[in-house]
Amino acid sequence: MNVIGAERTRYGWTQKEVGEMVGVAASTVRAWENDIGSCKASQLIALSNIFGGVSVDYLLGIEEERRVRR
């Protein structure tokens, strides 16, 4: 599981719930979590927002530290 999956689990949401918040199917979220598919920029921003403002770099695995925008 990658950062997106870890964040989803942190919040206790299902893949379906995250998909509904971002506007994609649960199978798309599953693909992201398994590093099979990639997110569009608008989807990364939406994920950042629903995960409490974490950085897009964190979601992409570029940054290791979980930082939240203020």
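What are the ³J(HN,Hα) couplings of the stretch 13-28, residue after residue, when phi is run through the Karplus curve with 6.51, -1.76, 1.60 and θ = phi - 60°? Round to Hz, x for glycine and proline.
Once rounded to whole Hz, the list reads 9, 7, 4, 5, 5, 5, x, 5, 5, 9, x, 10, 6, 4, 5, 5.
Before anything else, pin down the relative contact order of the chain: Cα pairs under 8 Å, at least 6 apart, normalised by residue count, whole percent.
Values: 68 pairs, mean separation 18.6, N = 70.
Computed over the chain, the figure is 27 percent.
If amide hydrogens are placed 1.01 Å from N in the peptide plane, which non-local residues have theirs closer than 5 Å to the one on VAL54?
It is ARG69, by chain and number.
Report in % the part of the accessible area of the stretch 20-61 that belongs to carbon and sulfur, leaving out ligands and nucleic acids; probe 1.4 Å. Can you show the working numbers first?
Working: 1100 of 2140 Å².
Reported share for carbon and sulfur atoms: 52 percent.
Residue-wise, which Karplus ³J(HN,Hα) couplings in Hz belong to the stretch 29-38, taking 6.51 cos²θ - 1.76 cosθ + 1.60, θ = phi - 60°, and x for glycine or proline?
Each residue's phi maps through the Karplus curve to give 4, 4, 4, 4, 5, 9, 6, 9, x, 10 Hz.
For the chain, what is the accessible area per residue in Å², given a 1.4 Å probe and the full set of protein chains?
Working: 4320 Å² over 70 residues.
Solvent-accessible surface per residue comes out at 62 Å².
Dividing the convex hull volume of the alpha carbon atoms of the stretch 25-64 by its residue count, what do you get in Å³ per residue? Walk me through the intermediate numbers first.
On the way: hull volume 2.8 nm³, N = 40.
Per residue, the Cα convex hull of the stretch 25-64 comes to 71 Å³.
Based on C-alpha coordinates, I'd like the Rg and Dmax of the chain, in Å.
10.8, 31
Points 7 angstrom from Cα along the Cβ direction at SER27 and ALA41: gap in nanometres?
Roughly 2.8 nm, to one decimal.
Kindly write out, for the stretch 54-67 in residue order, the coupling ³J(HN,Hα) from the Karplus curve 6.51 cos²θ - 1.76 cosθ + 1.60 (θ = phi - 60°), rounded to whole Hz, with x marking Gly and Pro.
In residue order, the calculated couplings are 5, 6, 5, 4, 5, 4, 7, x, 6, 9, 8, 7, 7, 10 Hz.
Taking amide H positions as placed 1.01 Å from N in the peptide plane, with prolines and chain starts having none, which residues 5 or more places from LEU60, or on another chain, fall under 5 Å of its amide H?
Correct list: empty.
Against the longest alpha carbon principal axis of the chain, how many degrees, from 0 to 90 and to the nearest 10, is the axis of helix 41-50 turned?
Helix 41-50 sits roughly 80 degrees off the main axis of the chain.
Given the Cα-Cα distance of THR14 and GLU63 and 0.36 nm per residue of separation, how much length would full extension add, in nm?
On the way: separation 49, 0.36 × 49 = 17.64 nm, distance 2.44 nm.
Net length gain for the segment: 15.2 nm.
The values are calculated or read from the model by the stated rules, or taken from the named source; none is laboratory data. Predicted model only: the values in this text are computed from it and were never measured. Please note: Cβ atoms are built from the backbone with ideal geometry, for glycine as well, and neighbour counts cover all protein chains shown. Ligands, DNA and RNA are stripped out before the accessible areas are found, and what is left, the full protein with its side chains, is counted by its heavy atoms. Shrake-Rupley method; radii C 1.70, N 1.55, O 1.52, S 1.80 Å.
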